[in-house]
Amino acid sequence: GFLDRIIGFSREGAFIEGDKIACKYLCRQYGIPVADQWYEVDARNYEKVLKTCLLLIDEFGGAVLKYPYSAGGKGARIILNAWEVKEVYDTLIKDYGKNYKRLFGKKSTWPLLVESRMSGVEISFNILIDKNGNFQILPTSMDYPERFPGPASKDNPITGGMGSISPHPMETPELFEMAAENIVKPLIKALREKNMLRPCLVYPGCFLTFDDNMVPTRIRVCEINIRPPEPEWQPIVRRIRNLGALIRATIEGNLIDVAPEVRSEQISICTALVTGPGGPQNQKGYPGSCTKGEPVHIDFDYLKKKKIQVIPSAMTYSEEEKLFKSDGSRVVYCNVNATVKTGESRARLAEQLRKKVLTAFENGKIKVIPRENPEGNRLDLRNDIGNHFDIAEKLLQNK
């Protein structure tokens, strides 16, 4: 029937993304590696939260508070030292207290996930799984989840994603094998045993550890999503020649016969243009409060000429005014890709692509016009999306 042609989980499997604590228990049961230590605590019990954070800070150099339910990719709060615990805790309760009350009332426990801070190299995998448990791992990507360059902290919050690149600069065949053995196969076993196996896409965000020869030695899952990720999906699909065939095989149950045809010689970069600070209530800007309803200007002719693909996101179209209007958050994605020629450096090509997007932005080819300044631009971005090709090249130059 119609439902058999839908890729995605049923209600029974939705907790894998929708309830981070329940997902942690699933991972524990089936041996899927996650953070070294994690605890389920009552968010209303600050003393317990404090005690847990101090324990994790002492042993792992940091703790992470996670609102375990849908939070648009913004529910994780990093704590690096004891001085930050109360402020980060108060901010999380301020942001999600109403959600907790709606879900559990005032008397029941408010579940909160507190886990040890993981360090290492972040990497994202997208895996298609068919109804028979066959699977294919798509090209890797690297997310830029922090709002600004640098490590996540209370002043540099985790967002839904400020940009992404594909392939991951550290991608190797060994990584695919490690992901398959440690994550995908145990997860498929869990889905089969719990009668949740059906055509689906899973997207685990992971941390990698390497030895002194830069060989991957350990992988840990940060969280598992069950839908195509934004913005990682954008650069990934631009490098796949046969996405349609893969989707058909996922639905028909013969993924074992259809492997991804990857443009291995290409790199792809996606940059999110987000709503910056300012507005009638002096909004903080993404990922915090955002002003909405301001006109969006996009010079499509220029962008087409420069081969910058535009993916509208948080915007609407006013038929009456014949213009696009910002709806806050991540307003638009800009995708660029190119082929690495023989003898050419991926880092140098990535820098050219990065500058192409920055030039378009700085010249106002994509802008949201602020109410208070018709000549201004409400949009903002991270200017380092793609830099990790250069960082990886320098890191591995003697390997």
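General observations
- Cross-chain or 6+ apart pairs with Cβ under 6 Å, region 93-107 first and free of Cβ contacts under 8 Å to residues at least 12 places away in the same chain, then surrounded by 15 or more Cβ atoms within 10 Å (Cβ to Cβ): PHE104/TRP110
- In this entry, GLU122 is excluded by the filter for residues that are within 30 Å of VAL85 (Cβ to Cβ), over 17 Å from the mean Cα position of the chain (by Cα), of a type in the set (Asp, Glu) and assigned to a strand (DSSP E or B).
- Filter result for CYS270 (in contact (Cβ under 8 Å) with a residue 12 or more places away in the chain and either of a type in the set (Gly, Ala, Ser) or closer than 16 Å to VAL331 by Cα (or both)): yes
- Test result for GLY293, without any contact (Cβ under 8 Å) to a residue 40 or more places away in the chain, part of a loop (DSSP other than H, G, I, E, B) and not assigned by TED's automatic domain parsing to the domain that holds GLU171: yes
- Filter result for THR342 (more than 16 Å from THR359 (Cβ to Cβ) and part of a loop (DSSP other than H, G, I, E, B)): yes
- Scan of region 251-286 for residues that are of a type outside the set (Phe, Trp, Tyr), within 21 Å of LYS74 (Cα to Cα) and crowded, with 23+ Cβ neighbours inside 10 Å, ordered by number: CYS270, THR271, ALA272, LEU273, VAL274, THR275
- Residues that are part of a strand (DSSP E or B) and loosely packed, with under 15 Cβ neighbours inside 10 Å within region 184-230 comprise THR209, PHE210, THR217, ARG218, listed in sequence order.
- Within region 146-162, tally of residues that are in contact with an Asp or Glu (Cβ under 8 Å, 6 or more places away or on another chain) and either closer than 17 Å to ALA272 by Cα or assigned by TED's automatic domain parsing to the domain that holds LEU379 (or both): 8
Let's see how each residue does on (1) of a type in the set (Asp, Glu); (2) more than 14 Å from PHE125 (Cα to Cα):
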residue	(1), (2)
THR159	no, yes
GLY163	no, yes
PRO173	no, no
LEU187	no, no
LEU191	no, yes
MET196	no, yes
ASP212	yes, yes
ARG220	no, no
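- From the list ASP36, ASP90, the one residue that fits, being under 25 Å from the mean Cα position of the chain (by Cα) and either part of a helix (DSSP H, G or I) or among the aromatic types (Phe, Trp, Tyr) (or both), is ASP90.
The values are calculated or read from the model by the stated rules, or taken from the named source; none is laboratory data. These numbers were taken from a predicted model, which means no experiment stands behind them. Reconstructed Cβ throughout: ideal geometry from the backbone, glycine too, with neighbour counts over all protein chains shown.
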